[in-house]
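S.K.: Here's a structure for you.
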């Protein structure tokens, strides 16, 4: 903090590089302290969220690496999302916990001066924007796969997924650069803490520094860049999810009972993912939008007495968003639960003599595809290409049944329709 980069002798009235705060009545005095709510969240809530985020995101990455059937295009996006969430939590929550343990102060003071202001802001928003863009890309991929399956089959592939991921990170880097000016100025403060409380005087540094907004335009651009991508993603995801659910509802099959469980799992996963995303991010972004509007009106759209409390609650919700993503996919999708179980029970993915199970049946005349988990069929040595009207029986290994089933369905649709 500031005590590590300056000396107390510099705190003089004639030194214009420093701002001296000596009265508890000054507003800046309390801005440098933790509120009761912030103390509670920092001591209890943040360590729990950080632990859950580390376990969940690292666990998901481990599962993708450990279980071969999880190495799909969708999980390639989700793995990048897990990395973004993991790094965001480490940077933001880690910095807050460090500042509290060392000084008992909010994380408003970088260790590296102005360089710290730039680096902290940049990397924090790189991972924040990357997560937002990745969620939108995942929704778009599902929309194409469900609503335009033939087009999805033609354009899908590893190279396309890699290109989209690269685009995602490049856009996130660009957006993060645009928010740096709002926290570019490093201001030093000389603090005369409450001498009636020896704990404050002994623990808190005499000199600290803060990253501030040097100009109104930088402040306004910060909130504009922060909110516009979110609301674009908000309406985009809402459109994609609505179309997907409508398409799933409209699909007609000869045997609804056999497909209802799979369809419901997809619907529940989509609704849960969208709901969590909206619940955890919307409040923060709406607050940021109100602050942006308030900068033009010179009014208090958000009452000052609740502003700090609202900010802290919004921050906690943003942290929760980075924690729950792997949990949402795992709790609402049976395939992900099986994969987690496989990964953490140390079952070898290459064990010999594996049973081959499940059958994907394509009734070509009716475009009906079903996964029958109750039958076991050995895969033939030589696959014979069926003619129209015949059944196409595709066998695959137990660990890969869901992923391979989906891939086989797409292949059959492309070839025989």
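The values are calculated or read from the model by the stated rules, or taken from the named source; none is laboratory data. Bear in mind that the values here come from a model prediction, so they are computed numbers and not experimental data. So basically every Cβ, Gly included, is an ideal-geometry build from the backbone, and we count neighbours across all protein chains shown.
S.K.: Given the structure, is residue 132 surrounded by 19 or more Cβ atoms within 10 Å (Cβ to Cβ), in the same structural domain as residue 285 (by TED's automatic domain parsing) and modelled with pLDDT of 85 or more?
M.R.: Here the answer is yes, as residue 132 does meet what is asked.
S.K.: Only one of these is surrounded by 15 or more Cβ atoms within 10 Å (Cβ to Cβ), assigned by TED's automatic domain parsing to the domain that holds residue 84, farther than 21 Å from residue 116 by Cα and under 19 Å from the mean Cα position of the chain (by Cα): 167, 162, 171. Name it.
M.R.: The conditions single out 171.
S.K.: Hey, which of the helices (runs of 4 or more DSSP H) in the stretch 73-170, taking only ones fully inside, have at least 2 residues that are over 29 Å from residue 241 (Cβ atoms) and touching a helix residue (DSSP H, G or I) at 6+ places or on another chain (Cβ under 7 Å)?
M.R.: Where helices (runs of 4 or more DSSP H) fall fully within the stretch 73-170 and carry at least 2 residues being over 29 Å from residue 241 (Cβ atoms) and touching a helix residue (DSSP H, G or I) at 6+ places or on another chain (Cβ under 7 Å), they are 73-103, 113-147.
S.K.: Look through the stretch 296-328, keep the residues that are part of a loop (DSSP other than H, G, I, E, B) and on the phi < 0 side of the Ramachandran plot, and return whichever of them is farthest from the chain's Cα centre (by Cα).
M.R.: 299
S.K.: Quick one: in the stretch 266-290, which of the residues that are buried (at least 16 other Cβ atoms within 10 Å of the Cβ) and at pLDDT below 75 is farthest from residue 149 (Cα to Cα)?
M.R.: 274
S.K.: Okay, next question. Which residue is modelled with the lowest pLDDT, if the candidates are limited to the stretch 86-124 and must be surrounded by 19 or more Cβ atoms within 10 Å (Cβ to Cβ) and in contact with a strand residue (DSSP E or B) (Cβ under 6 Å, 6 or more places away or on another chain)?
M.R.: 109
S.K.: Can you spot a residue in the stretch 151-173 that is under 30 Å from residue 38 (Cβ atoms) and modelled with pLDDT of 85 or more?
M.R.: Checked the stretch 151-173: at least one residue is under 30 Å from residue 38 (Cβ atoms) and modelled with pLDDT of 85 or more.
S.K.: Restricting attention to the stretch 235-260, which residues are out of contact with any helix residue (DSSP H, G or I) (no Cβ under 7 Å at 6 or more places or on another chain), assigned to a helix (DSSP H, G or I) and either modelled with pLDDT of 60 or more or closer than 30 Å to residue 288 by Cβ (or both)?
M.R.: The answer is 235, 238, 239, 242, 246, 249, 250.
S.K.: Then there is this: Kindly indicate whether residue 179 is assigned by TED's automatic domain parsing to the domain that holds residue 240, at pLDDT 90 or above and touching a helix residue (DSSP H, G or I) at 6+ places or on another chain (Cβ under 9 Å).
M.R.: Against the criterion (assigned by TED's automatic domain parsing to the domain that holds residue 240, at pLDDT 90 or above and touching a helix residue (DSSP H, G or I) at 6+ places or on another chain (Cβ under 9 Å)), residue 179 qualifies.
S.K.: Select, from 127, 60, the only residue that is crowded, with 16+ Cβ neighbours inside 10 Å, modelled with pLDDT of 95 or more, within 23 Å of residue 141 (Cβ to Cβ) and in the same structural domain as residue 181 (by TED's automatic domain parsing).
M.R.: 127
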